[in-house]
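Structure in structure tokens, see below.
The values are calculated or read from the model by the stated rules, or taken from the named source; none is laboratory data. Because the structure is predicted, anything quoted here is derived from the model rather than measured. Virtual Cβ from ideal backbone geometry, glycine too; neighbours counted across all protein chains shown. We work out accessible area using only protein heavy atoms, side chains counted, and drop any ligands, DNA or RNA first. Shrake-Rupley method; radii C 1.70, N 1.55, O 1.52, S 1.80 Å.
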Amino acid sequence: MTVLSSALLLGCGQGADAQAPGGPGARQAAPVPVVEVKPEQLELTYEYPAQIAGLREVEIRARVAGIIERRLFEEGARVKKGQSLYSLDNAPYQTALARALADENAARVRAAQAERDYKRVMPLAESKAVSQSELDGAQSAFEIAKADLLVASAAVRTARLNLEYARVESPVNGFASRSLYSEGSFVSGPSELLTTVTQIDQVYVNFGIPGKDHDQLRNGNLVVEVLGADGQPLGLKAKLGFQDVRVNPATGTVDARAVLANNKEVLSPGQFVRVRVSGAVQKDAVLLPQRAVLENPAGGKIVMTVSPENTVAPRPVQVAQWKGDQWVVTDGLKSGDKVITDGFMKAPPGTLVQPVMATAQATAVAEQTESKQ
């Protein structure tokens, strides 16, 4: 900003003499290093802060009421799918199952007796030995007995399920969190949370994409790479699985998420990391050295260009991000424009200059000349 302000002041004070060849202040056009704008297709890479979440964080709840007899897992330890985590007092459910089995057996006997009665009446009804009313009654009794047997069988299945539910199991592989109840506690059923199990062999990587980047990252096969807190790659990559279409008005970002294999369990739920998103492509992108892009007093970006008449002209530009030691310019320049990269002190706006294609040697000469002024 200091360089640009000085250049603008020099341009105001010396512009008239510098543009008047042969005038009192005339001097030979100073050579300045420039780069020629050549739009190209550019692969874009973005980095954002992110947070890890378990693929599934399962709430463990008892399906039936009862007193906890034993806790069968270690808090914070690994548990397997189907492993029993809590054992409830199952004596009442064993008794209920025995009663249901007895009721089922009685219903089966009644159904068998009703069937025999019905079969006995059928030939008598054909020979007119009994009335049609008696035949209908026998048939109805048989149908009711069969329905009662179905009800009794359903009660047995319910009793078996309740007995099984007294053994509270983990539905996934993962790590158990802190137990919220201890042995001897009474739980009334699904309304009470016992603990949670988090699956971490796969994890979610949640992050936000700024609204200004959303359009460029909306399409394409985007790859998400996880970086450690020190910015070093962890060797973990995944395809972007979800990207919302709405911008959060509170944060100005779009929610995004990738599902990542975490077989070595190097990532933990809640951990903060950084992600590098690649795969987006910008057509007709312009790359300029960072030193060629200045800040104007209003806070925007500006470059110094050389006009066809070889005079210096400031040009406001829009930039997206850095790529190495270069700015990605998205607006303000077109193919063939010449942008000054160094020597701004000797080339204020309106100054007649001699553009020289920037090379390492030309840049060094320009910097040496400027340091002597």
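Provide the per-residue ³J(HN,Hα) series for the range 189-198, in order, calculated from phi with Karplus coefficients 6.51, -1.76, 1.60 and θ = phi - 60°, each as a whole number of Hz, with x at glycine and proline positions.
x, x, 6, 10, 7, 8, 6, 10, 10, 10
Still on this structure, I have one more. In debye, nearest 20, what is the charge dipole magnitude of the chain about its Cα centre with +1 on Lys and Arg Cβ and -1 on Asp and Glu Cβ, if you could check? Mind showing how you got there, number by number?
Values: 40 positive and 41 negative charges, 91 e Å.
Here the chain has a charge dipole of around 440 debye.
Shifting gears a bit: Of Leu85, Val187, Ala258, which is farthest along the charge dipole of the chain in the positive direction, counting Lys and Arg as +1 and Asp and Glu as -1 at C-beta?
Towards the positive end, the residue furthest out is Leu85.
Can you give me the angle between helix 360-372 and the longest principal axis of the chain, using Cα atoms only, in degrees from 0 to 90, rounded to the nearest 10?
60
I would also like to ask the following. Just report the Cα centroid separation between the range 210-275 and the range 120-199, whole Å.
48
Which order do Val254, Val121 take when ranked by solvent-accessible area (1.4 Å probe, heavy atoms of all protein chains), largest first? Mind showing how you got there, number by number?
On the way: Val254 0, Val121 30 Å².
The residues order as Val121, Val254, largest area first.
Follow-up question, since we're still on this one. Of the listed pairs Lys283/Lys334; Lys323/Lys346; Lys80/Lys239; Lys119/Lys146; Lys38/Lys237, which have alpha-carbon separations greater than 23 Å here? Provide the component values of the computation, followed by the final result.
Details: Lys283/Lys334 13 Å; Lys323/Lys346 28 Å; Lys80/Lys239 28 Å; Lys119/Lys146 14 Å; Lys38/Lys237 33 Å.
Long pairs (Cα-Cα over 23 Å): Lys323/Lys346; Lys80/Lys239; Lys38/Lys237.
What residues qualify as long-range amide H neighbours of Ala50, i.e. H under 5 Å apart, gap of 5 or more or another chain, H built at 1.01 Å from N?
Hits under the 5 Å cutoff: Val273, Arg274, Val275.
Leaving out ligands, DNA and RNA, and with a 1.4 Å probe, what % of the accessible surface on the chain is carbon or sulfur?
Of all accessible area on the chain, carbon and sulfur atoms account for 52 percent.
Show the residues, 5+ positions off or on another chain, whose built amide H is closer than 5 Å to the amide H of Ala30.
Under 5 Å from the amide H of Ala30 lie the amide H atoms of Gln354, each far enough along the sequence or on another chain.
Can you list residues from other chains, or at least 5 along the same chain, whose modelled amide H is less than 5 Å from the amide H of Ser185?
So Ser185 has HN proximity to Ile68.
Normalised by the number of residues in the chain, what is the relative contact order in percent for Cα pairs under 8 Å and 6+ residues apart? Let's see the in-between values first.
Working: 761 pairs, mean separation 109.9, N = 373.
29 percent.
While we're here: Return one whole number: the accessible area per residue of the chain in Å², for a 1.4 Å probe. Let's see the in-between values first.
Values: 20990 Å² over 373 residues.
Normalised by residue count, the accessible surface of the chain is 56 Å².
Which label marks the calculated value of P(r) over Cα pairs in 10 Å bins from 0, in percent, given the options (i) 5, 24, 33, 24, 10, 3, 1, 0; (ii) 5, 15, 14, 12, 12, 10, 9, 7, 6, 4, 3, 2, 1, 0, 0; (iii) 5, 19, 24, 17, 13, 10, 7, 4, 1, 0?
Here P(r) over Cα pairs in 10 Å bins from 0, in percent agrees with entry (ii).
Per DSSP H run of at least 4 residues, take -39500 (n - 2.57); add these up for the chain, divide by its residues and hand me the 222 nm value, nearest 500 deg cm²/dmol. Each step should come with its number before you reach the end.
Values: 5 runs with 107 residues, N = 373.
Using -39500 (n - 2.57) per qualifying helix, the result is -10000 deg cm²/dmol.
While we're on this one: With point charges of +1 on the Cβ of Lys and Arg and -1 on the Cβ of Asp and Glu, referenced to the Cα centre of the chain, which listed residue (Gln202, His214, Val273) lies farthest in the positive direction of the dipole?
Highest projection toward the positive end goes to Gln202.
Compute the long axis of helix 91-126 from its Cα atoms, compare it with the longest principal axis of the Cα atoms of the chain, and write down the angle in degrees, 0 to 90, nearest 10.
60
Dipole magnitude of the range 122-214 about its Cα centre, charges +1 at Lys/Arg Cβ and -1 at Asp/Glu Cβ only, in debye to the nearest 20?
Using only the charged Cβ atoms, the result is roughly 260 debye.
Treating the angle as unsigned and between 0 and 90°, give the value, to the nearest 10°, between the Cα long axis of helix 132-165 and the longest Cα principal axis of the chain.
It is inclined by approximately 50 degrees.
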